[in-house]
Amino acid sequence: MTAPGRSRFLSALPWLALLIFPVVEVGAHAFTRAAVPTEHDWRVAADFVGERSSEGDLFVAAPDWADPLVRQYLGDRIDLPMAGRTGVAGYRRLWSLSPRGARPPEAAGRTPELSEDFGGVRVERFALDAPRVLHDLVEHVADARVTQIVGGKPRPCEYGMHGPGRRGGLGYGVVPPARRFQCPDRRGFVWVAPVIMEDLELQPRRCVYQHPAGGEPVRVTVPDVPVGKRLEVHAGLYYEHERMLDGAPVKLVVRFGDEQVGEMIHRDGEGWRALTIDTAKRAGERVDVSFETTSARSHKRIFCWSARILSAGGPQ
Amino acid sequence: MSTKGRVTRLDHAIGAGLCLLYVAVLLYTAPAIGLSRDEGTYVVAGKAYAGWFEQLAKDPSAALTRASIDAAWKVNHEHPSLVKSLFALSYMVDDKLGIFTRESLPFRFVGMLSAGLLLWLIHIFGTRLHGRRAGLFAALAYALLPRPFYHAHLDCFDVPITLAVTAVTYAYFRSLSSRRWAWLCGACFGLALATKHNSWILPGIFAIHFAYVWLSARRAGERFSPVPHWLIAMVALGPAIFIGSWPWLWHGTLGRIGRYAAFHLEHDYYNMAYFGENHFLPPFPIGFPWVMTLYTVPITTLLLAVVGLVLAGRRELADLRVPGPGRDHHHAAILLVGCLLAPMLLISMPWTPIFGGTKHWFTAYPFMAIFAGVGFDRALQVWGDLFERVAGAMKRAFAPALGVLMLLPALVETAHSHPFGLSHYGMAAGFVPGSADRGMNRQFWGFTTGSLVDFFYEHLPEGGRVYVCDMTHASFRMLGRDGLLPLNIRPTYDIARADYAIVHHEHHFAEVDHQIWTLFSSAAPVHVLTYDGVPIVSVYENPRRRARKSRAAGSAH
């Protein structure tokens with residue numbers, strides 16, 4: 001090539017590159033669409049998982065935006081405690097269903113003991129070495145005694161079918177399930193029940209709704225709880241109430257019988273916060289565990305907690 | 001094919017053809033797009049205004065009383081009335097003549113026609129500035145933008161205001177050499193004011209451009225009148241048309257104008273997901289309009305626009321150094337850059353709400369499309385030189401073939417974006433799955449409910465109630481009145497009493513998802529509407545309905 005020819009060629013290069021772009025763009029579009037799993041892929045993957053899963057298995061989607069599809073295809077294998085879990089405690093194995101080959105954060109640092117591709121869906125299974133859950137207090141809250149302290153006197157909150165409360169929708173907050181403890185408070189928001197609440201990160205949390213009523217506590221006492229090595233409590237506020245960062249702190253006090261064993265003062269911005277209480281000294285006992293919530297200002301303080309008695313330490 | 005500066009009848013024929021074709025495509029594709037939140041509101045407003053127009057025809061003195069005006073025009077008085085009045089008139093004409101087959105179409109037709117006229121105008125503007133090839137490519141490039149294509153179907157203001165802003169700009173540009181156009185500019189500005197508040201920034205853009213042209217002329221020793229006739233016309237006609245076309249302002253004028261301005265200057269902040277974060281309060285990310293443009297405009301189109309911008313910039317810089325022969329005395333490139341950048345800069349301000357996705361800077365896109373036309377025109381010249389033999393052999397087919405090639409990604413993406421326009425992302429975002437990985441907004445306005453009509457048809461043969469999440473009840477009912485859904489499938493606000501509850505997957509709607517889980521005691525949807533594998537809407541069945549079905553099946557056996 002002569003010098004002028006080379007120079008002409010070099011100056012033409014960007015224009016030639018421009019010609020390649022539409023081809024690349026259309027090709028990339030076709031490639032991306034071709035990689036999308038079909039309904040059949042999902043069904044076969046879900047059947048595969050269903051046939052090999054057992055109690056204590058955890059099912060997750062990776063990336064997390066595929067979660068609705070995993071819940072659809074695995075159906076009620078993903079129950080509310082699993083859908084709104086905190087950490088992996090209580091689960092022996094982790095199943096990951098991924099439409100894009102991603103790994104869930106729970107699998108970080110682990111090697112899959114099983115990996116299969118079903119069209120566009122990759123299924124992987126990992127062993128977990130999470131602590132055992134001796135008692136999940138959220139799932140036993142129906143057995144609890146619930147009282148609201150008014151003028152220093154406890155007033156019982158009645159458990160039963162109370163009919164629908166708020167109808168739901170954006171900004172309505174946590175909706176009351178029909179079966180709940182309803183406290184005799186005219187403001188209506190003082191009730192207790194297990195629910196799913198989104199935390200400050202918009203993550204679903206299976207927890208006990210226990211809105212503080214003011215300076216005097218609302219108290220939930222779960223009877224006859226087996227004590228393990230530790231009691232792990234998580235708590236937070238409903239996303240829209242916490243995100244403005246202008247609400248009053250909420251105080252959560254935990255008691256074994258009359259003895260205070262833990263306390264959390266939750267301030268806006270802290271999100272889904274953990275409180276770990278070492279209970280090793282009383283391991284093996286059975287106690288009544290109480291949770292009390294108070295707040296100087298109870299306006300827009302939808303508060304929710306989860307609590308589990310764990311057998312031993314281990315990664316969460 | 002150098003027709004720069006000249007617009008012939010053929011160009012208007014081309015523009016009209018584009019307009020008709022685009023409107024036809026929009027009419028054909030519209031039923032697949034459910035009415036969005038805002039559309040439902042504007043249908044209600046349009047009907048209220050239609051009632052007033054009828055009263056005006058029958059009993060003008062009664063219609064013009066404050067009580068009558070307020071009763072009709074109070075509806076949706078936070079937006080000017082011109083476009084909604086056109087919705088009303090279109091609705092009234094259809095009511096008389098029965099033109100459209102669906103109730104939503106006379107309302108939507110106004111937006112569709114605006115989109116068609118916009119293509120016509122882009123072609124004319126582009127042809128006048130850079131020749132027919134550039135003008136035609138620009139119009140097609142705009143037509144094949146996925147997000148504007150979605151919005152072009154709607155009875156909303158975003159496409160009409162894009163038309164209005166482009167028309168004012170075109171008239172302003174022509175006014176630099178014709179005083180008649182100054183008055184047209186003023187009239188168009190009045191119509192733009194009466195369309196949407198995006199128009200407020202136009203005098204500022206024009207003033208900067210006008211000053212530049214004047215200074216440039218002085219520097220080159222040329223004659224140029226410093227009298228801004230366009231501004232005089234804007235001041236004279238703009239407010240008169242704005243107020244005259246909006247009966248709501250005929251009483252308590254100043255106070256109501258003040259409240260209208262305050263509504264938009266102090267607009268509520270809504271939720272918008274962006275790179276995994278749900279933004280709901282300022283400061284908003286300044287990169288939002290730039291990244292969203294990169295992520296949603298087909299890359300090839302964007303690249304050609306950048307080429308066009310660079311070429312125009314180089315020309316302007318060269319002219320700045322030495323004003324030469326053949327220069328553009330009116331510096332169209334400066335004007336176009338101003339109109340392109342101003343809306344995007346405005347949305348970049350950390351305090352400007354970003355809830356509208358890309359639609360709030362649509363007014364920039366016609367100018368981006370013209371730059372794409374400039375880029376294509378220049379590229380074609382270079383390719384013609386490089387591939388002389390091919391070009392020679394192909395003769396007149398060379399330019400169209402390369403035009404098709406350069407527009408192919410846009411065509412493919414726009415076709416595939418339907419009916420999920422607001423969920424669509426392009427190559428820069430990794431397309432739809434890539435955008436989900438990046439945590440970008442997946443939709444807004446709840447329009448994707450329209451893609452569930454087949455599901456509800458199949459699963460609610462006896463009718464029932466649906467909790468419709470982000471879709472308004474007015475919009476949902478329109479699915480029925482349009483014949484897309486049986487009328488006995490009704491919307492409800494009450495999740496617990498719904499047969500099916502849906503959630504539109506946007507970050508902040510996690511709340512509704514979890515409300516459904518709590519009330520239905522299940523996290524398992526019975527159906528997930530997806531777009532390229534990404535969940536768009538989840539549908540849950542009320543366990544009470546499921547139990548009823550089981551009982552019925554049991555008794556049948």
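The values are calculated or read from the model by the stated rules, or taken from the named source; none is laboratory data. Please read these numbers as outputs of a predicted model, since none were measured by experiment. We place every Cβ from the backbone using ideal geometry, glycine too, and count neighbours over all the protein chains shown.
Can you confirm whether segment B:511-521 contains a residue that is surrounded by 24 or more Cβ atoms within 10 Å (Cβ to Cβ) and of a type in the set (S, T, N, Q)?
Yes: one or more hits.
Go through segment A:155-192 and count every residue that is at positive phi and either within 8 Å of chain B (Cβ to nearest Cβ) or in contact with a helix residue (DSSP H, G or I) (Cβ under 7 Å, 6 or more places away or on another chain) (or both).
4
Every residue, every condition in (1) in contact with a Cys (Cβ under 9 Å, 6 or more places away or on another chain); (2) assigned to a helix (DSSP H, G or I); (3) surrounded by fewer than 24 Cβ atoms within 10 Å (Cβ to Cβ); (4) at pLDDT 95 or above, yes or no:
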site	(1), (2), (3), (4)
B:L129	no, yes, no, yes
B:R133	no, yes, yes, yes
B:L140	no, yes, no, yes
B:F149	no, yes, no, yes
B:L154	no, no, no, yes
B:C188	no, yes, no, yes
B:T195	no, no, no, yes
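Return a yes/no flag: does segment B:425-436 have any residue that is among the aromatic types (F, W, Y), assigned by TED's automatic domain parsing to the domain that holds B:T301, out of contact with any Asp or Glu (no Cβ under 7 Å at 6 or more places or on another chain) and in contact (Cβ under 8 Å) with a residue 12 or more places away in the chain.
Taking segment B:425-436 first, the residues among the aromatic types (F, W, Y) are B:425, B:431.
Applying the additional criterion that residues be assigned by TED's automatic domain parsing to the domain that holds B:T301 yields none.
No, there is no match, as no residue in segment B:425-436 is among the aromatic types (F, W, Y), assigned by TED's automatic domain parsing to the domain that holds B:T301, out of contact with any Asp or Glu (no Cβ under 7 Å at 6 or more places or on another chain) and in contact (Cβ under 8 Å) with a residue 12 or more places away in the chain.
Can you name the residue in segment B:478-507 that is part of a helix (DSSP H, G or I) and surrounded by fewer than 20 Cβ atoms within 10 Å (Cβ to Cβ) and, of all such residues, is farthest from the other protein chains (Cβ to nearest Cβ)? Even if it seems obvious, please write down each step before you answer.
If we filter segment B:478-507 for residues that are part of a helix (DSSP H, G or I), which is where we start, we get B:478-481, B:495-497, B:507.
From what's left, surrounded by fewer than 20 Cβ atoms within 10 Å (Cβ to Cβ): B:480-481, B:497.
Details: B:G480: 21, B:R481: 23, B:R497: 7 Å.
Taking the candidates together, the pick is B:R481.
Where in segment B:275-387 are the helices (runs of 4 or more DSSP H), entirely inside, with at least 1 residues that are within 14 Å of another protein chain (Cβ to nearest Cβ) and modelled with pLDDT of 95 or more?
Details: elements: B:288-296, B:299-321, B:332-348, B:365-386.
Once the helices (runs of 4 or more DSSP H) in segment B:275-387 are filtered for at least 1 residues that are within 14 Å of another protein chain (Cβ to nearest Cβ) and modelled with pLDDT of 95 or more, what remains is B:288-296, B:299-321, B:365-386.
What number of residues within segment B:391-423 satisfy the criterion of being part of a helix (DSSP H, G or I), hydrophobic (A, V, I, L, M, F, W, C) and away from chain A (no Cβ under 12 Å)? Please lay out each step first, then the result.
So the first thing to find is which residues in segment B:391-423 are part of a helix (DSSP H, G or I), and the list is B:391-417, B:421-423.
Those still in the list that are hydrophobic (A, V, I, L, M, F, W, C) too: B:391, B:393-394, B:397-399, B:401-402, B:404-408, B:410-412, B:415, B:422.
In the following step, the residues that additionally are away from chain A (no Cβ under 12 Å) were identified as B:391, B:393-394, B:397-399, B:422.
Qualifying residue count, segment B:391-423: 7.
Being buried (at least 16 other Cβ atoms within 10 Å of the Cβ), of a type in the set (S, T, Y), over 22 Å from A:R308 (Cβ atoms) and outside the structural domain of A:P204 (by TED's automatic domain parsing): is that true of A:Y91 here? Working first, answer last.
On the way: buried (at least 16 other Cβ atoms within 10 Å of the Cβ): yes; of a type in the set (S, T, Y): yes; over 22 Å from A:R308 (Cβ atoms): no; outside the structural domain of A:P204 (by TED's automatic domain parsing): yes.
Considered against the rule, which asks whether it is buried (at least 16 other Cβ atoms within 10 Å of the Cβ), of a type in the set (S, T, Y), over 22 Å from A:R308 (Cβ atoms) and outside the structural domain of A:P204 (by TED's automatic domain parsing), A:Y91 comes out as no.
Limited to segment A:218-268, what total is found for residues that are in contact with a strand residue (DSSP E or B) (Cβ under 8 Å, 6 or more places away or on another chain) and part of a loop (DSSP other than H, G, I, E, B)?
Filtering segment A:218-268 down to residues in contact with a strand residue (DSSP E or B) (Cβ under 8 Å, 6 or more places away or on another chain) leaves A:218-239, A:242, A:247-257, A:260-266, A:268.
Checking which are part of a loop (DSSP other than H, G, I, E, B) leaves us with A:227-229, A:238, A:247-249, A:257, A:268.
So the answer is 9.
Test B:R465 against the criterion of being within 13 Å of chain A (Cβ to nearest Cβ), of a type in the set (D, E, K, R) and over 20 Å from B:A32 (Cβ atoms), and give yes or no. Step through it out loud before you land on a result.
Numbers: within 13 Å of chain A (Cβ to nearest Cβ): yes; of a type in the set (D, E, K, R): yes; over 20 Å from B:A32 (Cβ atoms): yes.
Taking the combined requirement at face value, the residue satisfies it.
Which numbered condition trips up A:F48, out of (1) in the same structural domain as A:L74 (by TED's automatic domain parsing); (2) farther than 29 Å from A:I78 by Cα?
Every listed condition holds for A:F48 apart from (2).
Considering only residues of segment B:415-456 that are touching a Leu at 6+ places or on another chain (Cβ under 7 Å) and more than 23 Å from B:A152 (Cα to Cα), which is surrounded by the fewest Cβ atoms within 10 Å (Cβ to Cβ)?
B:A428
Select from segment A:130-180 the residues that are among the hydrophobic types (A, V, I, L, M, F, W, C) and part of a strand (DSSP E or B) and write down the one among them that is farthest from A:E55 (Cα to Cα).
First, pick out the residues of segment A:130-180 that are among the hydrophobic types (A, V, I, L, M, F, W, C): A:130, A:133-134, A:137-138, A:141-142, A:144, A:146, A:149-150, A:157, A:161, A:170, A:174-175, A:178.
Those still in the list that are part of a strand (DSSP E or B) too: A:133-134, A:146, A:149-150, A:161.
Numbers: A:V133: 13, A:L134: 15, A:V146: 32, A:I149: 41, A:V150: 44, A:M161: 31 Å.
For segment A:130-180, the residue satisfying everything is A:V150.
Which pairs do you get when a residue that is in the same structural domain as A:A66 (by TED's automatic domain parsing) and outside any loop (DSSP other than H, G, I, E, B), found in segment A:109-124, comes within reach of a residue that is β-branched (V, I, T) and buried (at least 19 other Cβ atoms within 10 Å of the Cβ), reach meaning Cβ atoms under 8 angstrom, with the pair 6+ apart or on two chains?
That search, which allows pairs on different chains as well, returns A:L114/A:V123; A:S115/A:V123; A:E116/A:V123; A:D117/A:V123; A:V123/A:V49.
What's the number of the condition B:A13 fails, among (1) crowded, with 21+ Cβ neighbours inside 10 Å; (2) assigned to a helix (DSSP H, G or I)?
Among (1) crowded, with 21+ Cβ neighbours inside 10 Å; (2) assigned to a helix (DSSP H, G or I), B:A13 violates only (1).
A:T38 - would you say it is within 26 Å of B:V503 (Cβ to Cβ), at the interface with another protein chain (Cβ under 10 Å from one of its Cβ atoms) and free of Cβ contacts under 8 Å to residues at least 12 places away in the same chain? Explain how you work it out, then say what you get.
Working: within 26 Å of B:V503 (Cβ to Cβ): yes; at the interface with another protein chain (Cβ under 10 Å from one of its Cβ atoms): yes; free of Cβ contacts under 8 Å to residues at least 12 places away in the same chain: no.
So A:T38 fails the test.
Quick one: what pairs do we get from segment A:61-85, first residue more than 7 Å from chain B (Cβ to nearest Cβ) and in contact (Cβ under 8 Å) with a residue 60 or more places away in the chain, second charged (D, E, K, R) and buried (at least 21 other Cβ atoms within 10 Å of the Cβ), C-beta under 9 Å, 6+ apart or different chains?
A:P81/A:R206; A:G84/A:R205; A:G84/A:R206; A:R85/A:R205; A:R85/A:R206
Among the listed residues A:F256, A:F291, which satisfies the condition of being more than 14 Å from every other protein chain (Cβ to nearest Cβ), buried (at least 19 other Cβ atoms within 10 Å of the Cβ) and free of Cβ contacts under 8 Å to residues at least 40 places away in the same chain? Give the steps one after another, and end with the answer.
On the way: A:F291 fails: free of Cβ contacts under 8 Å to residues at least 40 places away in the same chain.
Just a single option satisfies the conditions, and that option is A:F256.
Yes/no matrix, rows are residues, columns are (1) over 22 Å from A:L245 (Cβ atoms); (2) crowded, with 21+ Cβ neighbours inside 10 Å; (3) in contact with a helix residue (DSSP H, G or I) (Cβ under 8 Å, 6 or more places away or on another chain):
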{"position": "B:P283", "(1), (2), (3)": "no, no, no"}
{"position": "B:E316", "(1), (2), (3)": "yes, no, yes"}
{"position": "B:P343", "(1), (2), (3)": "yes, yes, yes"}
{"position": "B:S348", "(1), (2), (3)": "yes, no, yes"}
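Select from segment B:331-344 the residues that are without any contact (Cβ under 8 Å) to a residue 24 or more places away in the chain and within 16 Å of B:A207 (Cβ to Cβ) and list them in ascending order.
Restricting attention to segment B:331-344, the residues satisfying the condition of being without any contact (Cβ under 8 Å) to a residue 24 or more places away in the chain are B:333, B:341.
B:L341 - this is the single residue of segment B:331-344 that is without any contact (Cβ under 8 Å) to a residue 24 or more places away in the chain and within 16 Å of B:A207 (Cβ to Cβ).
Just one of the numbered conditions (1) among the β-branched types (V, I, T); (2) in a helix (DSSP H, G or I); (3) within 9 Å of chain B (Cβ to nearest Cβ) is not true of A:V49; which one?
Here A:V49 meets the rest and fails (3).
Looking only at segment B:424-438, how many residues end up being among the aromatic types (F, W, Y) and more than 7 Å from chain A (Cβ to nearest Cβ)? Show your work before the answer.
So in segment B:424-438, the residues among the aromatic types (F, W, Y) come out as B:425, B:431.
Subset that is more than 7 Å from chain A (Cβ to nearest Cβ): B:425.
Adding up the residues that qualify gives 1.
Condition test on A:T2, is it of a type in the set (V, I, T), modelled with pLDDT under 95 and over 19 Å from B:V382 (Cα atoms)?
Values: of a type in the set (V, I, T): yes; modelled with pLDDT under 95: yes; over 19 Å from B:V382 (Cα atoms): yes.
Against the criterion (of a type in the set (V, I, T), modelled with pLDDT under 95 and over 19 Å from B:V382 (Cα atoms)), A:T2 qualifies.
Checking B:H267 against (1) within 21 Å of B:V75 (Cβ to Cβ); (2) at pLDDT 95 or above, which single condition isn't satisfied?
(2)
Based on this model, can you work out whether A:T32 counts as at pLDDT 95 or above, within 13 Å of chain B (Cβ to nearest Cβ), on the phi < 0 side of the Ramachandran plot and loosely packed, with under 14 Cβ neighbours inside 10 Å?
Numbers: at pLDDT 95 or above: yes; within 13 Å of chain B (Cβ to nearest Cβ): yes; on the phi < 0 side of the Ramachandran plot: yes; loosely packed, with under 14 Cβ neighbours inside 10 Å: no.
So A:T32 does not fit the description; no.
Assuming A:F291 fulfils every condition listed in (1) at pLDDT 95 or above; (2) not assigned by TED's automatic domain parsing to the domain that holds A:E216 apart from one, which condition is it?
Among (1) at pLDDT 95 or above; (2) not assigned by TED's automatic domain parsing to the domain that holds A:E216, the lone unmet condition for A:F291 is (2).
When A:M82 is evaluated against the numbered criteria (1) assigned to a helix (DSSP H, G or I); (2) in contact with a Lys or Arg (Cβ under 8 Å, 6 or more places away or on another chain); (3) within 22 Å of A:H234 (Cα to Cα); (4) of a type outside the set (S, T, N, Q), which criterion, by number, is the only one it fails?
Looking at each condition in turn, A:M82 falls short on (2).
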